[in-house]
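To start, the structure itself, in structure tokens.
The values are calculated or read from the model by the stated rules, or taken from the named source; none is laboratory data. Note that the structure is a prediction, hence the values are computed from the model and not measured. Cβ sites come from the backbone with ideal geometry, for glycine too, and all protein chains shown count toward neighbours.
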Amino acid sequence: MPSLVQPLAKIRLQSNGAFQLDECIHAVMFSPDGNRLAAADASGRVALWDLESLRWISGDRKHQGAVLAGEWHPGGKILVTAGKDGVGRVWDIDSGEERAVIPVGDGKGWVEHLAWESGGERLAITAGKTLRVLKWSETDGCTVEWETSDHKTSVSDLCWRKGYPGQIFTSCFGGATLWQVGVDSPVHTFPYEGVLQSLSISSNGQYLAAGSLDGSVHLWDILTERNWQIGGYPYNVRHVIFDPYEESLWMAAGPNLVTWFAQKFEGSSGLLLNRHLGWIQAIAFHPRQRVVVTVGEDGLLCLWELGQEKPRVSQQLRLSVGLSCAAWSPTDVSLVVGGNDGTVALFGMKNVEET
């Protein structure tokens, strides 16, 4: 479990510079050591910067179509991105050069989701109905270990089950599925009469949450097989995320941000956090403090502290174009935000009483 710090009294954001790409930023990602920053945009460009020197490493290589997903290897050795050109691409972090191309399925569908297992030994990647799992080694790179196309419709999301090696959840129309790598039949199915579009697993591996197109969140207790639904929202639930401290579940549906506390899932309406006026585009937890960032198409960036009804920081950024994504540095209090106009902006989070 992450090491907690004392609750913040007053915090503010300090601008630490910005970079510019051509089109809407689809993903921003700090490397595990915090020394590299990657950003990918709607044109397919993947750009890398060295943050210690603010040096541009590479930005000429690109997908043939928009980038839809990206994630650093947990050891920081490589970056993998995926997109509309039907492949995953493996990038060298020092040179920015492409090291390998990963085809998925028939190579014609969009590659929309990818995720590293926590130890970095496996990479899961999807295209259409196909889930492919690859093994990673420094000598051999990514090699196919297992795949399945046994989904009713295109895979809408995936997440690894921490603490259970080789177990991975996927979602699509009709519910969620738990797979064991190397086994063709599902370990368990979680039926749902509708379209699930976002997944999150609690850090202890007990609860699975799924956001749906019908404006609800469905939860399953994997250990007891109990399940319940939290509904009544006017928009589809695009984001669901458990906090790393196993205390709460957060969801975003349109401009609505709601949190529920774990001991009150059943029979609880949750805590509605009102601030955004446009659709929330990203939610991200700080790696060491009880702080959550949200960014929206309204150009608003909000910092929330767990258990508080009002944001600690509410800052308008680029109202005319909106914000698209956000991520925290794993090693310090740096925050990166992507904009619909191609801007990649860096911020530092400061405790006012310390400055």
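In table form, for the structure just shown:
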| read-out | value |
| --- | --- |
| Yes/no for LEU51 being surrounded by 15 or more Cβ atoms within 10 Å (Cβ to Cβ), among the aliphatic types (A, V, I, L, M), within 26 Å of GLN315 (Cα to Cα) and not assigned by TED's automatic domain parsing to the domain that holds GLY83 | no |
| Where a residue in segment 267-296 is outside any loop (DSSP other than H, G, I, E, B) and its partner, wherever it lies, is of a type in the set (Asp, Glu), with Cβ under 7 Å and at least six apart | LEU271/GLU309; LEU273/GLU309; GLN281/GLU297; PHE285/ASP243; VAL291/GLU305 |
| Close pairs (8 angstrom Cβ cut-off, 6 or more residues apart or separate chains): in contact (Cβ under 8 Å) with a residue 24 or more places away in the chain in segment 321-332, surrounded by fewer than 22 Cβ atoms within 10 Å (Cβ to Cβ) and of a type in the set (Phe, Trp, Tyr) anywhere | TRP328/PHE285 |
| Per-region count, segment 138-185, residues without any contact (Cβ under 8 Å) to a residue 40 or more places away in the chain, closer than 20 Å to VAL87 by Cα and hydrophobic (A, V, I, L, M, F, W, C) | 2 |
| Candidates GLY120, GLY215, GLY211, GLY175 - the one that is on the phi > 0 side of the Ramachandran plot and either in a strand (DSSP E or B) or buried (at least 22 other Cβ atoms within 10 Å of the Cβ) (or both) | GLY175 |
| Candidate set: segment 58-117, residues that are in a strand (DSSP E or B) and either in contact with a helix residue (DSSP H, G or I) (Cβ under 6 Å, 6 or more places away or on another chain) or of a type in the set (Phe, Trp, Tyr) (or both); chosen: the one nearest to ARG45 (Cα to Cα) | TRP91 |
| Residue that is farthest from the chain's Cα centre (by Cα), among those in segment 54-76 that are buried (at least 16 other Cβ atoms within 10 Å of the Cβ) and charged (D, E, K, R) | ARG61 |
| Answer from VAL28, VAL46 - the residue that is assigned to a strand (DSSP E or B), under 21 Å from CYS325 (Cα atoms) and touching a residue at least 60 places away in the same chain (Cβ under 8 Å) | VAL28 |
| Complete set of residues in segment 142-166 that are of a type in the set (Val, Ile, Thr) and part of a loop (DSSP other than H, G, I, E, B) | THR153, VAL155 |
